[in-house]
Amino acid sequence: MDIENGAYFRLQKLRRELKDFFKQREEVIDGALVALLANAHLLLLGPPGTAKSLLASTLCAQLDGARFFYFWLNKFITWRELACGQVIVREETNGAGKSIHFINTEGQLLHAHIAVLDEIFKASSATANSLLSLLNERRYSINPGEMKTAPLLTVFAASNEMPGKDQDELRAFSDRFLLRYEVDYISISQEGESAFLDMLAGSAVPPTTTITLEGLYYLRSQADLVQFDRGLLGMISAIRAMLKLQHQIEPSDRRYREALRAIKAYAFLNGHARVELEDLVILEHILWTTRERSEREAVRKVVHEVAGDPRLSQVVQLFVEAQQLHREALRFLDDAARMVPFDEAQRRAHAQLLADAYQREQRLTEIYQRIDTLIESATGAESLTTMRTFLNEVNVLRKSLVEKRGVENPFIEVNGWTQSASA
């Protein structure tokens, strides 16, 4: 196969065939392909019988030469049972006599390209910890003093629910699964929607398009070349600010950093040489962290608001800048308050600190006015209430600086302070 010309065409053809075969699983299929392209892992939440394992095994079957592994976990399963095969007994003779060594051989998991670990959060904390190296680095050790690399492409983890708040170790473990999808039963067939009937009739044609492992590695390298403009990084910062400020949702910094690979892979899957604003919607399947359905809905709403409304994105970016300005101004005011100027050089340094703080306060005023202008141009927009929330937050930051320097009216410039700063 001509990899450069054929691999991407085959990827898109396989994508269509999978979506035709698995009814109402379009987003999950995109997530599975993104996981393959981004060297990431996928968590599928849902009841038994929703084709979670079948999707993974079917996808693996379409990768020419790839090996599949399935295991159902419980709290009694050990790392050795999961990862090892037969034990080789070796007898050695040396000057001190004979010695017997027990050597573990690799089990199917360590030879697999795609693995399904069912009931992943039923695993003991010891087993979960042993899996971390394999998940993070594709490295493993089953015998003392040796470390090897597994060919693992991605792990599909399946569970009925996320770990609870009292399961801190498993919650940390769950953070290693970058992409997360909730999979439910096929909806009731209605007029114009016959997915359930089609499933019963068995009329869907299984995928036939295959991709070689060499072709997949080439596609990964191409996905990694997708450009990521700095402005879109600001959009992600905007999403982060909204989740934290409005919903008290705070995914780990690692999750945001690793999300960049998934966004680039999703853009590549969509045929984009550069990440577009619309490609950020994949974040709705990355940024939720708990079992609460309300959190998942909040993440979905925020991501779609930012990805679908450039004005809101501008507002949140301005708010992020306002927070930084506020922190800097407070630091300057605190440094000035600690100074006791005894000579001209110290007085100039003191005045400069006040001037630097005031400069940032003025920029806060400009940001307030800019957000207010954006709100006026967004009459009727769904995100209007959110924009006003950020406008109020910026005003709170302005007032706190005014109170810090002892001026009652936050909207009146104080000549005395500016004069002292220029002295």
Helices (runs of 4 or more DSSP H) lying entirely in region 195-305 (those with 2 or more residues that are of a type in the set (Lys, Arg), touching a residue at least 60 places away in the same chain (Cβ under 8 Å) and more than 22 Å from LEU55 (Cα to Cα)): 253-269
Members of region 13-62 that are out of contact with any strand residue (DSSP E or B) (no Cβ under 7 Å at 6 or more places or on another chain), part of a helix (DSSP H, G or I) and within 27 Å of ARG257 (Cα to Cα): ARG15, GLU26, ILE29, ASP30, LEU33, LEU37, ALA38
Checklist (1) surrounded by 10 or more Cβ atoms within 10 Å (Cβ to Cβ); (2) at pLDDT below 90 applied to ARG67, failing item: (2)
Residue ID - modelled with the highest pLDDT, chosen from residues in region 380-423 that are in a loop (DSSP other than H, G, I, E, B) and surrounded by 14 or more Cβ atoms within 10 Å (Cβ to Cβ): ARG405
So ILE286, is it outside the structural domain of ALA322 (by TED's automatic domain parsing), under 20 Å from ARG176 (Cβ atoms), in contact with a Lys or Arg (Cβ under 7 Å, 6 or more places away or on another chain) and surrounded by 19 or more Cβ atoms within 10 Å (Cβ to Cβ): yes
Scope region 158-194; condition surrounded by 14 or more Cβ atoms within 10 Å (Cβ to Cβ), in a loop (DSSP other than H, G, I, E, B) and at pLDDT below 75; matching residues: GLN167, SER189, SER194
GLU321 modelled with pLDDT of 90 or more and either under 30 Å from LEU280 (Cβ atoms) or charged (D, E, K, R) (or both): no
Which listed residue is surrounded by 13 or more Cβ atoms within 10 Å (Cβ to Cβ), modelled with pLDDT of 90 or more and outside any strand (DSSP E or B), from LEU117, LEU134: LEU134
Unique match (being hydroxyl-bearing (Ser, Thr, Tyr) and crowded, with 19+ Cβ neighbours inside 10 Å) among THR127, THR149, THR93, THR105: THR127
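The values are calculated or read from the model by the stated rules, or taken from the named source; none is laboratory data. Owing to the predicted nature of the structure, the values given are computational and were not obtained by experimental measurement. All Cβ positions, glycine included, derive from the backbone under ideal geometry; neighbour counts span all protein chains shown.
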